[in-house]
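The values are calculated or read from the model by the stated rules, or taken from the named source; none is laboratory data. Because the structure is a prediction, the values reported are computed rather than measured. With ideal geometry, Cβ positions are generated from the backbone for all residues, glycine too; neighbour counts draw on all protein chains shown. These accessible areas exclude ligands, DNA and RNA; they are computed on the full protein's heavy atoms, side chains included. Shrake-Rupley method; radii C 1.70, N 1.55, O 1.52, S 1.80 Å.
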Amino acid sequence: MKKVDAGGGWPAIRYTLRKAREVGGWWKLWKAMRSRNACKTCALGMGGQRGGMVNESGRFPEVCKKSLQAMAADMQGAIPDSFWNTYTIEQLRKFTPQQLETCGRLVTPLRIRCGETNYRPISWEEALGAIADKLRQTEPDRTFWYFSGRSSNEAGFLLQLFARLYGTNNVNNCSYYCHQASGVGLSSAIGSGTATVVLEDLEHADCVFLIGGNPASNHPRLMTSLMHLRRRGGEVIVINPVIETGLVKFRIPSSVRSLLFGTKIATTYVQVDIGGDLALLTGVAKRIVEMGAQDKEFLQNHCEGVEPWLQSLAHTSWDEITAKSGCTRQDIDAVAEKYASAKRVVFSWTMGITHHVHGVENVQAIANLALLRGMVGRPHAGLMPIRGHSNVQGVGSVGVTPQLKQAIFERLESHFKISLPTTPGLDTLGCMEAAERRELKVGFCLGGNLFGSNPDADFADHALQQLELLVGMNTTLNTGHAHGLAEDTIVLPVLARDEEPQMTTQESMFNFVRLSDGGPARHTGPRSEVEVIADLAARVQPSGPAHGPFDWSDMRDTGAIRQAIARVVPGFEQIERIAETKQEFQIAGRTFHEPRFATASERARIHTHTLPELRGGDRQLRMMTVRSEGQFNTVVYEEEDLYRGIDRRNVILIHPDDFERLGVAPDQTVTVRSETGELPGIIATPFEAIKPGNALMYFPEANVLVPRRADRQSRTPAYKNILVTVE
Ligand code: SF4
């Protein structure tokens, strides 16, 4: 497949026209995209009350292929009942993630029990009745509640409240498998776990670091901000084991000049070895100090832990740094010089930083480097984890975590006059491991694909099969509906965000809360998430400790839920009247334009680290699982990966220089093995863009090879830096 020379451009425009034809014409697609609903895909944030395709700076049109793919998926036709007679579960197991996604919209509750061969469409009454019965018979702490970051704040708040009143804290969300290390790392450095900047800061920065990610594929509108930065003469420093097409050049379709001539994105591109980021970031800091370019006054007045760190930098040799990063002194010096001459710097990163056993340390090292030159706690500079799902931050904010923040715990109890369970809750990996030990009986998933997102897919399949009941609330099919089925599995069809009968809210990665209008349902059958949860809760009538029946009927109204959120969640006071005022808002206390941090001392904390060795022997590769341009998280919309020039997903991308030492030939069919599993039928594909010694495979298919080894601080599994052999 011919590799494109840039991201975006005419292929994106042609794709849009193709999608418009698929969904019934461009006008239909335009109206859907222009509706006042927050974009359903990534957390960069688009849409809401300013109208679809408008970003937080009010810029229009701001739309991308990812947003179109999610919308077109929701505009699919209904899966006919005959489908469930036609396809057995065995056949569905052979469907690819893309084939499952494009089967159409789920419109009827489905059930399959152990020993049955096909899903059966059932009534809502049977579905909710069966779930309620099971929950009433089960000890609450033998259940878990998993949330995807696509659901609304209202659905997230309501389901976590129900689970806790039911009696368990086994409540967690998909960020445990992606950006939890960002939350933990940032909280340990500045006392707050989200971006310290707003979009406007990015629009005034003169230098942006892009570390361990490919936003050209997964957050394409970020490229518009980088185009404007480049046009202001700014620097873009990319750190990535792969030279990603869209991070070198991007053709922004909404800019004629960029569309015709392309926009160069990266001004400096450093290929680090997988697992070498901590050493590289430490090296850049060491060079800045050697150059005397650190902000001594800022460190003195606004940071703690500085001295031990400066000493460790001085004592860490350049040999150790270059050996453990895989980068040369020239690479490191080039980055340090660009950084030292910049005045307003934003550091951004994604899962190339968080998907490691030292993910939290990686995030702390980024914070260290930013603090070293006083680039946190002032306008137009700061820290910006590039989050995944469009409301992953929101569900976390409204209480979807195993352990509630003390303030939220106390306010929930006082607001609802209830007492909440205090038993420690399990995180996502903890729930999976407890399920495998048959300590859990019921799993409830609000959206997402828990099976698909798990490391060690064989373990995940077996663990979920140990459950007595597994419930999923989804709009379309995914691999989790074919694998990892419990003794009894029930799938509930839900409405998409722009089909909701009531207004809902979402929070972007810039801590901005949007109001989505919802809209007309496209199909009869699916129900709103809030309605399903309130209905189930009313049936179960959880009688948690020391309180009488709870009036769940109130909680069918998203306005009433927002009233509760306003009372319970610090910084969300304005959400109470957002439906009337239409005033979308910045969450208070999250953006740092002054060097007074959310730590007890109001000082930022600098952390000192021991650099991890680079892993891998002669016949091994350091493999990382990644998303292609044709997917978003576990959802695969297109088999091809346009920006990497790859037309299939059963591949391992290897640098041409590595084939000889591995003893395989280019395009040979191989079996890839790791300590956890093996994948036969994989094409060993030459890929110049990756640094020798490293390899790239697609998530979630390659999760069979991913061990359950997790960062001890974030409990996020290491989907990167997996040692594999190819035979
Ligand atoms: S960049 Fe993200 S928020 Fe913006 S349109 Fe694309 S998917 Fe939506």
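Structure above, values below:
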read-out: Dimensionless Rg over Rh [region 7-74; C-alpha; Kirkwood]; value: 0.95
read-out: Stokes-Einstein D for the chain, Kirkwood Rh over Cα pairs, 20 °C, 1.002 mPa s (µm²/s); value: 83
read-out: Counting all C-alpha pairs of region 58-128, share separated by more than 15 Å (%); value: 65
read-out: Accessible surface ranking that places the most exposed of Asp557, Asp618 first, with a 1.4 angstrom probe; value: Asp618, Asp557
read-out: Ratio Rg/Rh [Cα only; Rh per Kirkwood] for region 103-213; value: 1.12
read-out: Dipole axis of the chain (+1 Lys, Arg; -1 Asp, Glu on Cβ), positive-most option in Gln406, Ser553, Leu29; value: Leu29
read-out: Stokes-Einstein D (µm²/s) once Rh is taken as the Kirkwood radius of region 230-357 over alpha-carbon pairs, at 37 °C in 0.692 mPa s; value: 201
read-out: Selected from Tyr15, Val672, Thr322, residue furthest toward positive end of dipole (the chain; charges at beta carbon); value: Tyr15
read-out: Check: region 620-726 dipole with +1 on Lys, Arg Cβ and -1 on Asp, Glu Cβ, in debye; value: 680
read-out: Once the Cα gyration tensor of region 363-416 is diagonalised, semi-axes √(5λ) in Å; value: 31, 15, 11
read-out: Radius 13 Å from Cβ of His593, net charge of other residues (Lys, Arg +1; Asp, Glu -1); value: +1
read-out: Partners for Lys441 among lysines (Cα-Cα distance below 24 Å; same-chain residues under 8 apart left out); value: Lys134
read-out: Of the DSSP H helices in the chain, those whose Cα atoms cover at least 18 Å axially and whose Kyte score averages 1.0 or more; value: 359-372
read-out: Fraction of the pair-distance distribution of region 45-94 above 15 Å, Cα-Cα pairs, percent; value: 63
read-out: Where the Cα pairs of region 571-727 fall when distances are cut into 10 Å bins, in %; value: 9, 29, 22, 17, 15, 7, 1
read-out: Charge dipole (debye, nearest 20) of the chain; +1 at Cβ of Lys and Arg, -1 at Cβ of Asp and Glu; value: 1660
read-out: Principal axis dimensions, region 586-629 - Cα atoms, whole angstrom, descending; value: 51, 34, 14
read-out: Within-11-Å neighbourhood charge of Lys286 [Cβ basis; K, R +1; D, E -1]; value: -1
read-out: Accessible-area value, Asp319, 1.4 Å probe, nucleic acids and ligands omitted, Å²; value: 120
read-out: Apportionment of accessible area to carbon and sulfur, the chain, percent (1.4 Å); value: 50
read-out: Of Leu614, Gly443, Ile690, farthest towards positive along the dipole that unit charges on Lys, Arg, Asp, Glu beta carbons give the chain; value: Ile690
read-out: Cα-based reach from Lys582 at 21 Å (exclusive), listing lysines while leaving out same-chain residues under 8 positions away; value: Lys31, Lys40
read-out: Subset of Lys3/Lys720; Lys3/Lys249; Lys249/Lys720; Lys324/Lys720; Lys28/Lys65 violating a 18 Å alpha-carbon distance limit; value: Lys3/Lys720; Lys249/Lys720
read-out: Neighbourhood charge, 15 Å Cβ-Cβ cut-off, centred on Ser152 and excluding it, Lys, Arg +1 and Asp, Glu -1; value: -3
read-out: Dipole in debye (nearest 20) - region 412-498, about Cα centre, beta carbon charges: Lys, Arg +1; Asp, Glu -1; value: 320
read-out: Heavy atoms of Glu22: accessible area, 1.4 Å probe, square angstrom to 10; value: 110
